[in-house]
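Single-structure report; data block below.
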Amino acid sequence: MAEAVEEIAVGCIGAGKMARGVLGGLLISGKVPAKNITVSAPTDTNLQYFRARSCSTTHSNLEVVSRCHVIFLATKPHIIPTVLQEVSSAITPNHVIISMAAGVSLKTLEQLCPVGTKLLRISPNLPCVIQEGAVVFSRGPSAGQKEADMLKCLLSGCGMCEETPESYIDIHTGISGSGVAYVYLFAEALADGAVKMGMPSDLSRRIAAQTLLGAAKLILQSGEHPAKLRSDVCTPGGTTIHGLHELEKGSLRATVMNAVEAATKRARELDKR
Ligand SMILES: NC(=O)c1ccc[n+]([C@@H]2O[C@H](COP(=O)([O-])OP(=O)(O)OC[C@H]3O[C@@H](n4cnc5c(N)ncnc54)[C@H](OP(=O)(O)O)[C@@H]3O)[C@@H](O)[C@H]2O)c1
């Protein structure tokens, strides 16, 4: 595949939340023009979003494979075998197949595709849609540096993107794919605490979100360990240490670690089914 990324015909089988996240990132960043994108799904429910953005849409997964070289698989994990059985005969050595299905290993994908198919596996998260995603990917034995570079270039439109060993992919699902939901729960609780103390709900929600955003940016920009930044905010005998003591009593740290472990294990289980 010698063409520049903006000339690549990109397809996506499945049109739900994560297809929107990843393709939305590609579209907003201008990495791929809408005219080069084709998306399929059985119903019009989610295709509407892509039509409104001038992408081609179809109910035929085979049409996506025949029109596009780079194809994202964005159905729920249990649908992946059905989809690949359906399109396998149309997959050629020119195709690059990229699965975002949680818990579906490269080995499983290999078994469902023709021998030698260029396969990559990504673990994205929802903020890809605003180009603030955290994506990791791994490649199968037939995908080379060229395919990895192409994917990295495409996904740089979605936020951070790093190649990792495949054993990290399920962990990424635990910390980041699912992690987004933990952060929303924390944001909700932070805002509810302020509502309890008398602040209007809308204002407390915005302040909670900005607090998370600012704190996260400071970790990334300072390069400091979160524990150091946390200790910097703790005046002896001050407000923060009193608040932190309550979080420690509620075992926040152990609970969050348990959540990452549970989601990672669940992702690993999905591949065994
Ligand atoms: N959501 C996340 O935060 C997240 C994070 C990381 C990874 N993932 C992975 O991303 C994948 C998609 O998740 P999601 O949350 O986007 O799911 P979703 O919103 O339920 O979307 C699934 C899509 O698949 C389509 N579909 C169902 N059967 C199909 C078939 N036979 N052929 C083609 N398309 C079919 C659905 O069609 P209709 O539109 O007609 O219903 C829908 O558009 C999953 O494998 C998940 O593990 C998700």
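Tabulated data
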{"item": "Semi-axes of the equivalent ellipsoid for the chain, Cα gyration tensor, largest first, Å", "result": "38, 20, 17"}
{"item": "Additional length obtainable on full extension of the chain from Thr92 to Leu62, 0.36 nm per residue less Cα span", "result": "9.6 nm"}
{"item": "Most to least packed among 129-135, 22-28, 261-267, 141-147 [average Cβ atoms within 10 Å]", "result": "22-28, 129-135, 261-267, 141-147"}
{"item": "Global form of region 198-260, assessed from the alpha-carbon gyration tensor, a/c cut-off 1.5", "result": "rounded"}
{"item": "Pair Lys17, Thr82: separation of 7 Å Cα→Cβ label points (nm)", "result": "2.0 nm"}
{"item": "Where labels lie 7 Å past Cα in the beta-carbon direction, separation of Tyr168 and Val233 in nm", "result": "2.7 nm"}
{"item": "Listed pairs Lys107/Lys228; Lys196/Lys217; Lys118/Lys217; Lys228/Lys272; Lys76/Lys196 exceeding 31 Å between Cα atoms", "result": "Lys107/Lys228; Lys118/Lys217; Lys228/Lys272; Lys76/Lys196"}
{"item": "Relative contact order (%) - criterion: Cα under 8 Å, at least six apart; region: the chain", "result": "16 percent"}
{"item": "Shape category assigned to region 1-148 from the gyration tensor of Cα positions, a/c cut at 1.5", "result": "rounded"}
{"item": "Estimated [θ] at 222 nm from DSSP helical runs (n ≥ 4, -39500 (n - 2.57)) normalised by residues in the chain, nearest 500", "result": "-15000 deg cm²/dmol"}
{"item": "Length released on extending from Leu252 to Leu220, taking residue separation times 0.36 nm less the Cα-Cα span", "result": "9.3 nm"}
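Rule-based calculations on the coordinates, nothing more; no lab input. Bear in mind the structure is a predicted one, so any value in this text is a computation, not a measurement. We place every Cβ from the backbone using ideal geometry, glycine too, and count neighbours over all the protein chains shown.
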